[in-house]
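Report on the following structure.
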Amino acid sequence: MGGGGAGTPDFFYREAQRLGYVARSAFKLLQMQKQYKLITPGSSVLDLGCAPGAWLQVACQSLGSLKNNGAVIGIDIKKVKVPAMHCDSRVQTVCADVMKLPKNQIRDLSPQVFWNIFQKQYGFSVILSDMCPQVSGITTRDSVLSAELGHRALDLAVGRNILPSPSYNAQVDDDVSENNGALQPGGHLVIKLLESEDTKEIGQICKPLFRKTSWLRPKATRPSSREIYLICQGLRTS
């Protein structure tokens, strides 16, 4: 479970246990919060690939006290129990396959409403994707699968109408005529990827869609891991 050689629990593993986080990955999102302040009091947060729940804990903490409202919705192909520590009634989880879940169903999970010029719509202010494929050890295969998950997260966030034709084989949404994404204008998106040429491609797609894009390899990432995070801030409206 630890990342420091020969299976010895490392600093982040020990700190997670000491502070009540269900996994060391909590420190990855804590670092993002410190550097980018993505989640603020009142935010509505969607956590894709939320197992085992460490990011749910950090996201809920970042909402501040209950009087600030806000919500955290976690989705995972595994059934995830909301951690008792650091979470409150604003956190809920859904067991579903993100690759198959229709976009309108994901949008409808958001508790907050925003208005565009035409109609009232639902949406999240922050979407986090910590999704990762079952790593096979075959670098090219793992990279392709990771890119598929990354493209899916981006598609769910911003909608097909402003994305180029996808180069991945994700399931087609039931609401194919509905192009609106689940991310509010001005919202933030985080995507975990395994470094490859496909990673660069997703970065190039995101750059014009957001006010700012950055790459981050958190300090809590294990030395042997190729994972890297794409931080997209401020979804543009046009």
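Just one residue in the set Leu30, Leu56, Leu66, Leu46 is open to solvent by 40 Å² or more (accessible area, probe 1.4 Å) and within 22 Å of Arg217 (Cα to Cα); that residue is Leu30. Given the structure, is Val94 modelled with pLDDT under 85 and touching a strand residue (DSSP E or B) at 6+ places or on another chain (Cβ under 8 Å)? Against the criterion (modelled with pLDDT under 85 and touching a strand residue (DSSP E or B) at 6+ places or on another chain (Cβ under 8 Å)), Val94 does not qualify. The set of residues in segment 180-189 that are open to solvent by less than 10 Å² (accessible area, probe 1.4 Å) and touching a Ser or Thr at 6+ places or on another chain (Cβ under 6 Å) contains only Gly187.
Annotation: of all residues in segment 124-134 being in contact (Cβ under 8 Å) with a residue 12 or more places away in the chain and outside any strand (DSSP E or B), the one that is most open to solvent (accessible area, probe 1.4 Å) is Cys132. Looking across segment 211-235, just one residue is closer than 20 Å to Val45 by Cβ, assigned to a loop (DSSP other than H, G, I, E, B) and either open to solvent by 20 Å² or more (accessible area, probe 1.4 Å) or out of contact with any strand residue (DSSP E or B) (no Cβ under 8 Å at 6 or more places or on another chain) (or both), and that is Ala220. Going through (1) modelled with pLDDT of 90 or more; (2) surrounded by 14 or more Cβ atoms within 10 Å (Cβ to Cβ) one by one, Pro208 falls short only on (2).
For segment 97-129, the tally of residues that are touching a Gly at 6+ places or on another chain (Cβ under 9 Å), at pLDDT 90 or above and not β-branched (Val, Ile, Thr) stands at 4. In segment 190-205, which residues are assigned to a helix (DSSP H, G or I) and open to solvent by less than 40 Å² (accessible area, probe 1.4 Å)? Scanning segment 190-205 gives Thr199, Ile202, Gly203, Ile205.
The values are calculated or read from the model by the stated rules, or taken from the named source; none is laboratory data. Quick caveat: nothing in here was measured; it's all calculated off a predicted structure. When we count neighbours, we look across all protein chains shown, and the Cβ atoms used for this are built from the backbone with ideal geometry, even at glycine. Side chains are part of the model used for accessible areas, which takes the heavy atoms of the whole protein and leaves out ligands, DNA and RNA. Shrake-Rupley method; radii C 1.70, N 1.55, O 1.52, S 1.80 Å.
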